[in-house]
Amino acid sequence: MSFWDRLFGGRAESSQDRQRLDYLNEALVLERQGDFDAAVTSYRLALRERPDDLKVLQNLAIALSRIGRVEEAIRAYRKALEIDPSLSGAHYGLAFLLIKRGDGHFAVKHLKAFLAHPPSGAEAERWVAHAQATLDQLIASDSTSPSAGT
């Protein structure tokens, strides 16, 4: 399956789907150019047409993360996980945003969910190893915290 088929799920069937893809394509181009604020706007326009589009929600969360809008990114990942609780990329992204926010104990659940159904491939091995090392570190630090014995 080609990159475009994976990214867009095949050919658009209606003008509404084409419009959503136009916003999605536009957002991806804007991200490559480093204009994450404009990309967020395009992702939001794409979501108007299909508010439950997992690709758009995940890409929106990534763009929001890159411009430091952590709480909004967390909400986008959580919405994606409401739609598909097995979405490993959303678990991964959410876990690291929770850690960034200081909620490592909540991140453990999402790291475990990511590791339960990790992506495959050579590039994915790096992300899986990073998630496992982070999970191990969080568990170790939790077991050595003063409240661990109470």
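Might you let me know whether the stretch 119-137 holds any residue that is within 30 Å of Asp35 (Cα to Cα), in contact with a helix residue (DSSP H, G or I) (Cβ under 8 Å, 6 or more places away or on another chain) and in a loop (DSSP other than H, G, I, E, B)? Among the residues of the stretch 119-137, at least one is within 30 Å of Asp35 (Cα to Cα), in contact with a helix residue (DSSP H, G or I) (Cβ under 8 Å, 6 or more places away or on another chain) and in a loop (DSSP other than H, G, I, E, B), which makes the answer yes.
Against the definition (among the aromatic types (Phe, Trp, Tyr), open to solvent by less than 60 Å² (accessible area, probe 1.4 Å) and closer than 26 Å to Leu30 by Cβ), how does Phe114 come out, yes or no? Spell out the reasoning first.
Numbers: among the aromatic types (Phe, Trp, Tyr): yes; open to solvent by less than 60 Å² (accessible area, probe 1.4 Å): yes; closer than 26 Å to Leu30 by Cβ: no.
Considered against the rule, which asks whether it is among the aromatic types (Phe, Trp, Tyr), open to solvent by less than 60 Å² (accessible area, probe 1.4 Å) and closer than 26 Å to Leu30 by Cβ, Phe114 comes out as no.
A single entry from Lys100, Lys109 fulfils the requirement of being closer than 20 Å to His130 by Cβ, within 16 Å of the chain's Cα centre (by Cα) and surrounded by fewer than 14 Cβ atoms within 10 Å (Cβ to Cβ): Lys109.
The values are calculated or read from the model by the stated rules, or taken from the named source; none is laboratory data. Owing to the predicted nature of the structure, the values given are computational and were not obtained by experimental measurement. A quick note on method: Cβ atoms are made from the backbone with ideal geometry, for glycine too, and the neighbour counts reach across all protein chains shown. What goes into the accessible areas is simple: the full protein's heavy atoms, side chains included, and nothing from ligands, DNA or RNA. Shrake-Rupley method; radii C 1.70, N 1.55, O 1.52, S 1.80 Å.
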